[in-house]
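Take a look at the structure below.
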Amino acid sequence: MKKTKLKELLNSLTLEEKIGQLIQLSGEFYNASDISLGPQHKLGITQRMVDLSGSVLNVTGAKEIHRLQQKHLAKKGHAIPLLFMSDIVYGYKTVYPIPLGMGATWNPALVKKAYENAAEEAYAGGQQVAFAPMVDLVHDARWGRVLESTGEDPYLNSCFANAMVSGFQSGLEDGKGIVSCVKHFAAYGAVEGGREYNSADMSISNLFQNYLPSYKAAIQAGAKMVMTSLTTLNGVPATADKWLLNNILRKSWGFDGVVISDYASIYELTQHGFALNDQDAAYKALDAGVDIDMKSPCYANGLKPLLEDGRLSESKIDEATWRVLSLKNDLGLFEDPFRGSSEELENQDLLTSSKRKLARELGRESMVLLKNDNKVLPLKAHSNRKIALIGPYADEQSMLGLWAIHGDTKNTVTFKAGISEYVDTDNLVVEKGTDIIRDKDFFIHSGRDEDRVECVISDAATEKLNHDRAIAAAADADVIIFAGGEHTLQSGEAGSRTKLRLPDNQQELLNELATLGKPIISVIISGRPLVLTDIIADSDAVIEAWFPGIEGGHALADIVFGTYNPSGRLSMSMPYVESQAPIYYNHLSTGRPQKTSQHVGRFVSRYTDAPTGPLFSFGYGLSYGSVIYHKPKIDKTSIKEGESVTLSVAVENSSKIDRTETVQLYFHDEAASVVQPVKRLINFKREIVPAGKTINVVFEVKPKMLGFYNQLGEYIVEPGKFELMVGQNSNETQTVKFYLED
């Protein structure tokens with residue numbers, strides 16, 4: 001539809017019809033026929049507003065989309081198609097590793113392909129908007145939603161934000177792809193105490209330097225929708241923050257797309273104590289720039305009275321309605337309300353062999369080898385060694401994580417299935433050993449009723465039988481693979497935890513296995529960095545597998561048996577103990593650093609009962625074989641504005657196996673008007689280093705890369721002395737120095 005026609009449509013709408021476009025409801029509303037019953041009564045909105053609503057939450061499948069869209073368009077009044085949106089966070093039917101695992105690939109190009117695939121599947125299933133990527137920067141593993149983030153670094157997160165948005169929206173101009181809704185704007189990942197829905201408070205410099213870059217990268221990649229955070233930032237709820245939504249997002253960054261609230265976050269302005277009532281909440285959210293009210297009664301019931309009493313102008317409603325109509329028009333919904341989706345297309349495009357192949361590749365690259373003493377890995381395929389695969393994840397298909405809501409665990413390749421392809425039947429024994437978790441109160445507090453809990457937790461007799469069989473199998477084996485980790489419900493949204501360890505029953509089983517004196521390879525399933533201190537002590541090798549997606553079993557087996565050389569590198573630090581959280585590599589310099597202070601003993605920045613640093617640092621990960629980083633070189637020791645310095649480092653593969661090396665470049669500003677981090681990532685390169693060969697990796701560093709944000713949110717570059725640090729992770733680097741002249 002041409003813009004002139006779209007303007008005519010906007011001008012022809014009644015006030016109620018305009019307001020309807022600003023309301024998003026979930027699928028259950030469209031099956032309710034009696035206003036006195038059903039969800040609209042619970043929410044407190046009329047059937048008329050349900051009929052006029054402009055978008056639908058989490059209804060999927062071409063058949064159901066067609067049914068609802070046809071029913072909606074048949075209603076009286078203007079025929080404006082519904083917009084269908086859904087949580088497609090890391091895959092649709094083909095589920096990939098969780099985003100934290102994707103971050104560990106350090107491979108944005110591969111991740112982009114995964115999001116192109118997810119968009120193709122979602123398109124076939126009638127989806128038009130994905131509530132992803134979540135680009136929140138994360139420092140605190142206690143927060144369950146670190147599962148949805150790509151990690152703790154603003155530069156790396158920005159690379160992935162660009163890749164994910166570009167992947168979703170690839171082909172959008174040609175009628176393909178789906179719209180990317182970036183979330184949660186802004187700084188949701190900084191919630192205090194790592195507690196879900198809590199407040200965030202930080203300096204302007206910190207906000208601009210660390211938390212905003214990934215959102216900005218997503219906007220620059222063309223994201224057409226932004227979701228507000230459920231939290232407050234510096235005392236103001238993000239859903240009503242005019243400075244964030246208008247000054248930063250729209251004016252400074254030039255965003256002209258749609259802003260949508262998070263689930264009920266407009267209503268929750270009253271809970272925050274920021275709005276007096278629902279009507280006041282509606283005014284403050286719309287005035288701040290929120291176009292769509294997701295699953296709350298505020299716009300439906302509050303906007304018309306606000307207009308009638310003169311507090312709100314209709315032009316404000318028109319602006320929001322225009323943005324929603326423009327998005328629908330950009331998607332071609334007025335010409336094809338279904339955007340070509342069909343059951344035939346679903347049969348053709350969902351869970352194809354090529355998509356599974358990519359899921360396997362991404363799964364392998366996401367897994368991080370944390371320990372490999374005495375080169376216990378890789379194992380030799382089809383040898384005579386007996387392998388005992390022990391643990392609750394040994395033959396478990398629920399390895400998709402909490403936000404794979406459209407995936408089916410029945411499509412998941414288990415560890416047993418993957419490993420069985422490399423081991424003769426007579427040499428592999430698989431035993432569960434124990435349940436994933438045996439805490440009934442946990443499940444009940446998570447919303448499960450008693451009957452469902454009984455299905456998850458084995459009775460005492462079964463648990464003892466599982467344990468005894470596992471120990472017997474392990475005692476008879478030559479090598480043990482222990483497969484344990486978090487339960488799906490222990491991470492993700494509302495999955496905040498203070499104890500970041502394996503459930504006690506799993507740790508007890510691993511401890512007992514360790515007494516057998518057999519080599520142990522531990523594989524950890526989790527949605528966050530866990531405290532693996534005890535696991536490392538009990539294991540000869542440890543693989544962090546995250547929630548690896550539907551091809552997790554194949555991906556793990558490829559690594560264990562060496563057909564793929566592990567290349568994953570952590571994108572989030574793994575704490576030595578929970579009380580270190582939040583912990584991250586790019587922390588600010590302190591006046592009394594532990595290693596270089598003029599003070600000694602107790603009067604430095606350290607703990608008295610634990611190491612100061614993490615168990616495993618940002619960027620860490622092992623591969624098979626070995627490399628040597630030779631001394632880095634720079635082409636000049638002093639540069640001016642407009643010039644650049646080139647750093648080169650020779651990386652030698654001193655082993656007999658090819659490997660992929662992620663060469664990481666950091667820098668440090670030795671003296672600045674705002675104290676700077678001890679180091680900051682500014683570039684990285686993934687390079688294949690052939691066996692016995694040496695490659696030269698080159699980075700160009702320009703002055704604009706060396707700046708920082710001051711307390712006014714201004715990006716500045718100051719002359720002075722800088723350090724460039726290059727290496728295989730944030731903790732193991734070599735340094736060269738140069739000057740940026742005034």
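What to note about this one:
- Matching residues, the stretch 291-307, being more than 29 Å from the chain's Cα centre (by Cα) and not aromatic (Phe, Trp, Tyr): Pro297, Cys298, Ala300, Asn301, Gly302, Leu303, Lys304, Pro305, Leu306, Leu307
- Options Val165, Val179, Val146, Val135; residue that is in contact with a helix residue (DSSP H, G or I) (Cβ under 8 Å, 6 or more places away or on another chain) and farther than 29 Å from Gly621 by Cα: Val179
- Enumeration of residues in the stretch 628-653 that are in a loop (DSSP other than H, G, I, E, B) and surrounded by 13 or more Cβ atoms within 10 Å (Cβ to Cβ): His630, Pro632, Asp635, Ser644
- Extreme residue, farthest from Gln734 (Cα to Cα), among residues of the stretch 654-664 that are surrounded by 15 or more Cβ atoms within 10 Å (Cβ to Cβ) and in contact with a strand residue (DSSP E or B) (Cβ under 9 Å, 6 or more places away or on another chain): Asp658
- Qualifying residue in the stretch 220-240 (condition: in contact with an Asp or Glu (Cβ under 8 Å, 6 or more places away or on another chain), among the charged types (D, E, K, R) and closer than 30 Å to Leu706 by Cβ): no
- Being within 30 Å of the chain's Cα centre (by Cα) and hydroxyl-bearing (Ser, Thr, Tyr) holds for only one residue in Ser315, Ser326, and it is Ser326.
- Evaluating Ser313 against the criteria (1) among the polar types (S, T, N, Q); (2) surrounded by 15 or more Cβ atoms within 10 Å (Cβ to Cβ); (3) over 30 Å from Gly167 (Cβ atoms) leaves one unmet condition, (2).
- Residues within the stretch 106-133 that are touching a Cys at 6+ places or on another chain (Cβ under 8 Å) and over 28 Å from Ser229 (Cβ atoms), tallied: 0
- Any hit, the stretch 31-46, residues being within 30 Å of Ala285 (Cβ to Cβ) and in contact with a Leu (Cβ under 7 Å, 6 or more places away or on another chain): no
- Of all the listed residues (Phe482, Phe443, Phe415), the sole one being aromatic (Phe, Trp, Tyr) and farther than 22 Å from Glu551 by Cβ is Phe443.
- Residue check, Gly401 in contact (Cβ under 8 Å) with a residue 24 or more places away in the chain, of a type in the set (Gly, Ala, Ser) and in contact with a Phe, Trp or Tyr (Cβ under 8 Å, 6 or more places away or on another chain): yes
- The one condition from (1) within 28 Å of Gly151 (Cβ to Cβ); (2) in a loop (DSSP other than H, G, I, E, B); (3) hydroxyl-bearing (Ser, Thr, Tyr) that Ser579 does not meet is (2).
- Any hit, the stretch 689-703, residues being under 29 Å from the mean Cα position of the chain (by Cα), within 19 Å of Ser205 (Cβ to Cβ) and in the same structural domain as Val649 (by TED's automatic domain parsing): no
- Scan the stretch 511-536 for residues that are out of contact with any Gly (no Cβ under 6 Å at 6 or more places or on another chain) and closer than 29 Å to Met102 by Cβ and the total you get is 13.
- Residue within the stretch 699-713 that is under 26 Å from Pro566 (Cα atoms), touching a residue at least 12 places away in the same chain (Cβ under 8 Å) and not aliphatic (A, V, I, L, M) present: yes
- Count of residues meeting criterion [charged (D, E, K, R), in contact with a Ser or Thr (Cβ under 8 Å, 6 or more places away or on another chain) and in a helix (DSSP H, G or I)] in the stretch 172-218: 2
- Among the residues of this structure, Asp658 does not count as one that is without any contact (Cβ under 8 Å) to a residue 24 or more places away in the chain and of a type in the set (Asp, Glu).
- Considering the stretch 347-385, the residues that are surrounded by fewer than 17 Cβ atoms within 10 Å (Cβ to Cβ) and of a type in the set (D, E, K, R) include one that is nearest to the chain's Cα centre (by Cα), namely Lys357.
- Search result, residues across the stretch 349-383 that are in contact with a helix residue (DSSP H, G or I) (Cβ under 7 Å, 6 or more places away or on another chain) and farther than 30 Å from Met574 by Cα: Asp349, Leu350, Leu351, Lys355
- Filtering Pro97, Pro133 for residues that are touching a strand residue (DSSP E or B) at 6+ places or on another chain (Cβ under 7 Å) and either buried (at least 24 other Cβ atoms within 10 Å of the Cβ) or in the same structural domain as Val368 (by TED's automatic domain parsing) (or both) leaves a single hit, Pro133.
- Pick from the stretch 257-289, criterion touching a strand residue (DSSP E or B) at 6+ places or on another chain (Cβ under 6 Å) and within 12 Å of Ile23 (Cβ to Cβ), ranking: surrounded by the most Cβ atoms within 10 Å (Cβ to Cβ): Ile266
- The set of residues from the stretch 179-219 being among the hydroxyl-bearing types (Ser, Thr, Tyr) and more than 21 Å from Met705 (Cβ to Cβ) comprises Ser180, Tyr188, Tyr197, Ser199, Ser203.
The values are calculated or read from the model by the stated rules, or taken from the named source; none is laboratory data. Worth saying up front: this structure is predicted, and the values here are computed from it rather than measured. Quick reminder, even Gly has a Cβ in these numbers, built from the backbone with ideal geometry, and neighbours come from all protein chains shown.
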